[in-house]
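> Attaching a single structure in structure tokens format; questions to follow.
The values are calculated or read from the model by the stated rules, or taken from the named source; none is laboratory data. The shown structure was predicted, so the numbers you read here are calculated from the model rather than taken from an experiment. Cβ coordinates were reconstructed from backbone atoms using ideal geometry, including for glycine residues, and neighbour counts include every protein chain displayed.
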Amino acid sequence: MSEEKEKTKEDFEPKIVGFLCNWCSYAGADLAGTSRIQYPPNIRVIRVMCSGAVDSVYVNRALLEGADAVFIGGCHPGDCHYLNGNYKARRKMVLLKNILTTLGMEPERIWVRWISASEGQKFADTVKEIVDETKKLGPNPMKEKWNI
Amino acid sequence: MIYGLKIENDVPKTVNNFLKQLLESGKVEAVLAMQETPSGRSAFPTMISDPDKLDTNVFAPLLPVSTGAMVSRLTKVKGSKKPLAVVLRACELRALTELLKLKQADLENIVLIGVDCLGTFPMKIYSNYPGDEDPTEVVLKGEGEEDMRTACLNCKDPVPETADLIIGIFGTDTGKSILLDTRTEKGQELINDMGLSEFGNEKDREKAVLDIRNKRDEARKAFMEEHSDIIGVEKLLEFFDTCVNCHNCMKACPICYCRECLFESDVFDVEASKYMAKAKSKGAYKTPTDSLLFHITRFNHMILSCVECGLCEQACPSDIPLMDIITAIAENAQAEFEYLPGRDPEEEMPMVVYREDEFQDVGEG
Amino acid sequence: MSEEFEPSVVAFLCNWCSYAGADLAGTSRLKYPDNVRSIRVMCSGRVDPVFVLDALKEGIDGVLVAGCHPGDCHYQSGNYKTNRKMMLIKKLLADFNIDPDRLRFEYISASEGQKFADVVTEFVSTLKAIGPNPLKDECL
């Protein structure tokens with residue numbers, strides 16, 4: 001049993017949900033693809049019009065359903081297509097992380113990064129970093145919780 | 001200015017007479033204040049226009065609903081055309097202040113009369129108060145703490161600082177007189193021609209207010225320490241184990257103002273196949289679904305404005321002691337943004353403003 | 001005192017029959033007590049129990065609901081359903097110690113101006129005998 005568990009942790013492939021803003025990060029991810037930059041296939045991307053549109057409920061839902069990490073990608077500060085959506089996204093995620101910290105619910109599974117449309121490489125690197133760090137963290141315990 | 005209000009008969013009657021004077025003088029068209037129901041088993045914020053039906057007890061130690069939310073309901077569509085005096089406690093005033101920021105209330109023609117709060121009992125205890133004693137007399141004597149709601153024992157501030165006029169108890173000799181503290185011109189106008197004399201014991205008042213604040217602060221710290229063990233997935237699931245997903249906490253919350261909560265919207269009306277997918281993803285899935293998601297998301301949506309009135313806890317049919325965790329969540333989240341709900345009507349809510357150079361550790365790296 | 005009491009009546013009249021019947025009573029210059037306030041509804045089936053209860057709660061002395069005769073409903077079955085609904089409310093009213101006679105359901109066709117006038121006259125005298133609605137002074 002313990003052997004099996006260790007094996008899972010070693011080979012475990014994290015599932016990452018990514019919310020990428022339409023104007024920067026999504027285009028950045030696209031560039032990574034068209035430039036044939038290799039990055040781990042662990043991320044499922046959801047395009048949102050602005051990182052500011054990512055409500056805590058999306059992140060919470062992904063985490064409670066067992067996603068191992070959630071990634072929110074927005075434009076660099078000052079570059080938001082809607083002027084300040086990314087600043088507000090930052091505040092929202094600070095709040096969410098703060099609450100999860102108080103509750104002891106692994107806020108480190110939430111990642112926020114600013115990735116512009118030209119930063120295909122940064123996108124690939126970020127995904128790789130998230131996958132590596134999440135592997136160290138191990139699978140999301142919520143994956144097994146049916147009584148939520 | 002702080003004036004003294006001489007006690008005739010008893011404290012609640014004195015305040016009732018004061019409100020009656022306001023009503024009869026025509027300065028206000030109606031009063032919204034706690035009035036005991038005929039059975040005496042409960043009291044509710046009641047709109048009273050007829051001086052003969054004015055039989056208020058603003059010190060009734062009970063918080064059935066938040067008067068702040070009631071003012072929102074009365075004025076959300078349009079401000080009041082005629083002057084209305086609203087009597088409320090500190091937590092209710094804080095809730096109203098937050099609702100004002102959210103544009104859910106209009107204070108046109110409304111005078112806010114705050115009352116010092118001595119603490120409240122749960123509805124279940126108030127309505128069947130043991131013995132022959134009157135619960136109001138008990139709290140006016142400074143007793144009854146053992147029965148009080150946790151929210152009250154840990155109250156951040158029982159003095160309604162931002163009211164137009166404060167009816168003060170702390171630092172007064174309730175056998176002789178209580179005080180009227182006018183904080184705005186609106187409040188001053190109410191009592192201008194009543195021929196009241198100055199209170200004179202400002203020092204006593206200051207000290208008593210400081211004392212009660214310190215006492216509550218300490219209780220609050222000890223309370224948070226005591227419940228700091230509710231942390232981590234296992235403990236949290238255990239804490240919410242008895243939640244039946246009725247959303248009563250949200251309905252009772254004065255801050256949860258959304259006309260249609262996301263959790264009661266079509267978003268969560270999904271076809272059977274989605275439930276099947278949930279069941280398959282984890283092998284088993286409890287129904288109703290999304291209880292924990294509801295609570296954590298609700299905290300995200302309201303906690304920065306949480307005035308810690310404890311109405312959520314009082315509304316829970318499963319008696320989940322919500323304040324055990326909400327106190328710490330509110331404390332930490334509000335500290336992160338250096339925000340105190342209800343402190344100042346002009347203060348901007350944290351989620352509508354930002355600074356370019358803040359929280360650099362989130363987003364970079 | 002009781003002689004002076006003029007009961008207030010709210011009447012929900014269906015568009016196709018009873019409202020036309022009331023209209024006929026008027027155009028035919030039939031006399032009936034002026035205690036009644038008519039509210040036109042598209043079908044008596046539109047009268048939700050809450051309308052009746054709310055009227056009584058607010059202190060109205062009597063509620064009249066009138067629809068087409070059985071078989072004549074413009075929407076086939078609205079009046080049958082209303083009949084059942086009103087029966088149920090009457091039972092509930094009795095349970096709450098409110099005189100069930102404060103609620104009256106009648107079939108009145110578009111040609112029955114006289115019947116409308118008679119029903120109203122009779123209903124008002126019934127209500128006078130029952131007396132004022134005790135809920136008038138309650139803050140509910």
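> So for region B:196-203 (the condition being of a type in the set (A, V, I, L, M, F, W, C), surrounded by 12 or more Cβ atoms within 10 Å (Cβ to Cβ) and either farther than 30 Å from B:S25 by Cβ or within 13 Å of chain A (Cβ to nearest Cβ) (or both)), does at least one residue qualify?
First, pick out the residues of region B:196-203 that are of a type in the set (A, V, I, L, M, F, W, C): B:196, B:199.
In the following step, the residues that additionally are surrounded by 12 or more Cβ atoms within 10 Å (Cβ to Cβ) were identified as B:196, B:199.
So of that shortlist, the ones also either farther than 30 Å from B:S25 by Cβ or within 13 Å of chain A (Cβ to nearest Cβ) (or both) come out as none.
Within region B:196-203 (the criterion being of a type in the set (A, V, I, L, M, F, W, C), surrounded by 12 or more Cβ atoms within 10 Å (Cβ to Cβ) and either farther than 30 Å from B:S25 by Cβ or within 13 Å of chain A (Cβ to nearest Cβ) (or both)), the answer is no, since none of the residues qualifies.
> Have a look at B:T289, B:T327 and point out the one that is surrounded by 11 or more Cβ atoms within 10 Å (Cβ to Cβ) and over 26 Å from B:D229 (Cβ atoms). If you could, list the steps in order and put the result at the bottom.
Numbers: B:T327 fails: over 26 Å from B:D229 (Cβ atoms).
Only one candidate passes the filter, namely B:T289.
> Quick check: is even one residue across region C:90-102 touching a residue at least 24 places away in the same chain (Cβ under 8 Å), within 30 Å of B:D50 (Cβ to Cβ), touching a Gly at 6+ places or on another chain (Cβ under 8 Å) and not in a loop (DSSP other than H, G, I, E, B)?
yes
> Just checking, does region C:41-55 include any residue being among the polar types (S, T, N, Q) and within 11 Å of the chain's Cα centre (by Cα)? Quick ask: steps written out before the conclusion?
Filtering region C:41-55 for residues among the polar types (S, T, N, Q) gives C:44.
With the extra rule that they be within 11 Å of the chain's Cα centre (by Cα), the set shrinks to C:44.
For region C:41-55, residues among the polar types (S, T, N, Q) and within 11 Å of the chain's Cα centre (by Cα): present.
> Another one. Would you please name the residue that is surrounded by the most Cβ atoms within 10 Å (Cβ to Cβ), looking only at residues in region C:67-84 that are assigned to a helix (DSSP H, G or I) and without any contact (Cβ under 8 Å) to a residue 40 or more places away in the chain?
Taking region C:67-84 as the starting set, the residues that turn out to be assigned to a helix (DSSP H, G or I) are C:78-84.
Right, trim to without any contact (Cβ under 8 Å) to a residue 40 or more places away in the chain and you get C:80-84.
Details: C:Y80: 15, C:K81: 16, C:T82: 25, C:N83: 17, C:R84: 9.
Restricting to residues being assigned to a helix (DSSP H, G or I) and without any contact (Cβ under 8 Å) to a residue 40 or more places away in the chain, the top hit is C:T82.
> Of the residues B:G131, B:G114, which is within 16 Å of B:A60 (Cα to Cα) and in the same structural domain as B:L196 (by TED's automatic domain parsing)? Explain how you work it out, then say what you get.
Details: B:G131 fails: within 16 Å of B:A60 (Cα to Cα).
Going through B:G131, B:G114 in turn, just one is within 16 Å of B:A60 (Cα to Cα) and in the same structural domain as B:L196 (by TED's automatic domain parsing): B:G114.
> While we're looking at this one, here's another question. How many residues does region B:282-310 hold that are among the polar types (S, T, N, Q) and at the interface with another protein chain (Cβ under 7 Å from one of its Cβ atoms)?
Pass one, region B:282-310, residues among the polar types (S, T, N, Q): B:287, B:289, B:291, B:297, B:300, B:305.
From what's left, at the interface with another protein chain (Cβ under 7 Å from one of its Cβ atoms): B:291, B:297, B:300.
So the answer is 3.
> Kindly list the number of the only condition in (1) in contact with a Ser or Thr (Cβ under 6 Å, 6 or more places away or on another chain); (2) free of Cβ contacts under 8 Å to residues at least 12 places away in the same chain that fails for B:L99.
(2)
> Determine whether C:V50 is among the β-branched types (V, I, T) and in contact with a Cys (Cβ under 8 Å, 6 or more places away or on another chain).
Numbers: among the β-branched types (V, I, T): yes; in contact with a Cys (Cβ under 8 Å, 6 or more places away or on another chain): no.
No; evaluated as a whole, the condition is false for this residue.
> Moving on. Considering only region B:81-115, state which residues are of a type in the set (D, E) and closer than 26 Å to B:I169 by Cβ.
If we filter region B:81-115 for residues that are of a type in the set (D, E), which is where we start, we get B:92, B:98, B:106, B:108.
If the condition is that a residue be of a type in the set (D, E) and closer than 26 Å to B:I169 by Cβ, then B:E92, B:E98 are the ones that fit.
> Another one. For B:P64, indicate whether it is surrounded by fewer than 24 Cβ atoms within 10 Å (Cβ to Cβ), touching a Phe, Trp or Tyr at 6+ places or on another chain (Cβ under 6 Å) and under 20 Å from B:S177 (Cβ atoms).
Numbers: surrounded by fewer than 24 Cβ atoms within 10 Å (Cβ to Cβ): yes; touching a Phe, Trp or Tyr at 6+ places or on another chain (Cβ under 6 Å): yes; under 20 Å from B:S177 (Cβ atoms): no.
No: the conditions fail for B:P64.
> Filter region B:138-171 for residues that are acidic (D, E) and touching a residue at least 40 places away in the same chain (Cβ under 8 Å) and give the result.
First pass over region B:138-171, keeping only residues acidic (D, E): B:143, B:145-147, B:157, B:161, B:164.
Answer for region B:138-171, where residues must be acidic (D, E) and touching a residue at least 40 places away in the same chain (Cβ under 8 Å): B:D157, B:E161, B:D164.
> For region A:72-126, how many residues are more than 27 Å from B:F239 (Cβ to Cβ), more than 14 Å from the chain's Cα centre (by Cα) and among the hydroxyl-bearing types (S, T, Y)?
The qualifying residues number 4.
> Applying the selection to region C:93-117, what residues are basic (K, R) and surrounded by fewer than 22 Cβ atoms within 10 Å (Cβ to Cβ)? Spell out the reasoning first.
Here is the first cut: in region C:93-117, the residues basic (K, R) are C:102, C:104, C:115.
Those that are basic (K, R) and surrounded by fewer than 22 Cβ atoms within 10 Å (Cβ to Cβ): C:R104, C:K115.
> Right, next: Applying the selection to region C:44-66, what residues are assigned to a loop (DSSP other than H, G, I, E, B) and buried (at least 22 other Cβ atoms within 10 Å of the Cβ)? I'd like the intermediate steps shown before the answer.
Here is the first cut: in region C:44-66, the residues assigned to a loop (DSSP other than H, G, I, E, B) are C:47-48, C:58-61.
Answer for region C:44-66, where residues must be assigned to a loop (DSSP other than H, G, I, E, B) and buried (at least 22 other Cβ atoms within 10 Å of the Cβ): C:V47, C:D61.
Yes/no per residue for (1) under 14 Å from B:K156 (Cβ atoms); (2) modelled with pLDDT of 95 or more; (3) hydrophobic (A, V, I, L, M, F, W, C):
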| residue | (1), (2), (3) |
| --- | --- |
| B:D181 | no, yes, no |
| B:G187 | no, yes, no |
| B:F199 | no, no, yes |
| B:V209 | yes, yes, yes |
| B:I212 | yes, yes, yes |
| B:D217 | yes, yes, no |
| B:F223 | yes, yes, yes |
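> Residue under question is B:Y257, and the condition is that it be in a loop (DSSP other than H, G, I, E, B), buried (at least 18 other Cβ atoms within 10 Å of the Cβ), at the interface with another protein chain (Cβ under 8 Å from one of its Cβ atoms) and out of contact with any strand residue (DSSP E or B) (no Cβ under 9 Å at 6 or more places or on another chain); does it hold? It would help to see each step written out before you state the result.
Values: in a loop (DSSP other than H, G, I, E, B): yes; buried (at least 18 other Cβ atoms within 10 Å of the Cβ): yes; at the interface with another protein chain (Cβ under 8 Å from one of its Cβ atoms): no; out of contact with any strand residue (DSSP E or B) (no Cβ under 9 Å at 6 or more places or on another chain): yes.
Spelling it out, it is not the case that B:Y257 is in a loop (DSSP other than H, G, I, E, B), buried (at least 18 other Cβ atoms within 10 Å of the Cβ), at the interface with another protein chain (Cβ under 8 Å from one of its Cβ atoms) and out of contact with any strand residue (DSSP E or B) (no Cβ under 9 Å at 6 or more places or on another chain).
> In the list B:D164, B:D147, which residue meets the criterion of being crowded, with 16+ Cβ neighbours inside 10 Å, closer than 30 Å to B:Y339 by Cβ, under 22 Å from the mean Cα position of the chain (by Cα) and among the acidic types (D, E)? First the steps, then the outcome.
Working: B:D147 fails: closer than 30 Å to B:Y339 by Cβ.
Matching residue, one of B:D164, B:D147: B:D164.
> Another question, if that's okay. Looking only at region C:118-140, filter to residues that are modelled with pLDDT of 95 or more and of a type in the set (D, E); which one of those is surrounded by the most Cβ atoms within 10 Å (Cβ to Cβ)?
C:D118
> If a residue must be surrounded by 13 or more Cβ atoms within 10 Å (Cβ to Cβ) and either within 13 Å of chain A (Cβ to nearest Cβ) or free of Cβ contacts under 8 Å to residues at least 12 places away in the same chain (or both), how many such residues does region B:229-254 contain? I'd like the intermediate steps shown before the answer.
Within region B:229-254, the subset surrounded by 13 or more Cβ atoms within 10 Å (Cβ to Cβ) is B:230-233, B:235-237, B:239-240, B:243, B:245-254.
Restricting the remaining residues to those that are either within 13 Å of chain A (Cβ to nearest Cβ) or free of Cβ contacts under 8 Å to residues at least 12 places away in the same chain (or both) gives B:230-233, B:235-237, B:239-240, B:243, B:245.
Here the count works out to 11.
> Additional query: Looking at (1) charged (D, E, K, R); (2) part of a strand (DSSP E or B); (3) in contact with a helix residue (DSSP H, G or I) (Cβ under 7 Å, 6 or more places away or on another chain), which is the only condition A:K97 fails?
Unmet for A:K97, out of (1) charged (D, E, K, R); (2) part of a strand (DSSP E or B); (3) in contact with a helix residue (DSSP H, G or I) (Cβ under 7 Å, 6 or more places away or on another chain): (2).
> Hey, another quick one. Do you know which residues across region B:124-133 are surrounded by 17 or more Cβ atoms within 10 Å (Cβ to Cβ) and either touching a residue at least 12 places away in the same chain (Cβ under 8 Å) or among the charged types (D, E, K, R) (or both)? Spell out how you get there, then give the answer.
Applying the first criterion (surrounded by 17 or more Cβ atoms within 10 Å (Cβ to Cβ)) to region B:124-133 yields B:125-127, B:129.
B:I125, B:Y126, B:S127 - these are the residues of region B:124-133 that are surrounded by 17 or more Cβ atoms within 10 Å (Cβ to Cβ) and either touching a residue at least 12 places away in the same chain (Cβ under 8 Å) or among the charged types (D, E, K, R) (or both).
> Filter region A:86-114 down to the residues that are farther than 22 Å from B:C306 by Cα, in contact with a strand residue (DSSP E or B) (Cβ under 7 Å, 6 or more places away or on another chain) and at the interface with chain B (Cβ under 10 Å from one of its Cβ atoms) and list them by number. Steps first, answer last, please.
Of all residues in region A:86-114, those farther than 22 Å from B:C306 by Cα come to A:86-87, A:106, A:108-114.
Narrowing the set further to residues that are in contact with a strand residue (DSSP E or B) (Cβ under 7 Å, 6 or more places away or on another chain) leaves A:86, A:109-114.
Result: A:N86, A:I110, A:W111, A:V112, A:R113, A:W114.
> Just checking, does region B:306-325 include any residue being in contact (Cβ under 8 Å) with a residue 60 or more places away in the chain and among the polar types (S, T, N, Q)?
Within region B:306-325, one or more residues are in contact (Cβ under 8 Å) with a residue 60 or more places away in the chain and among the polar types (S, T, N, Q).
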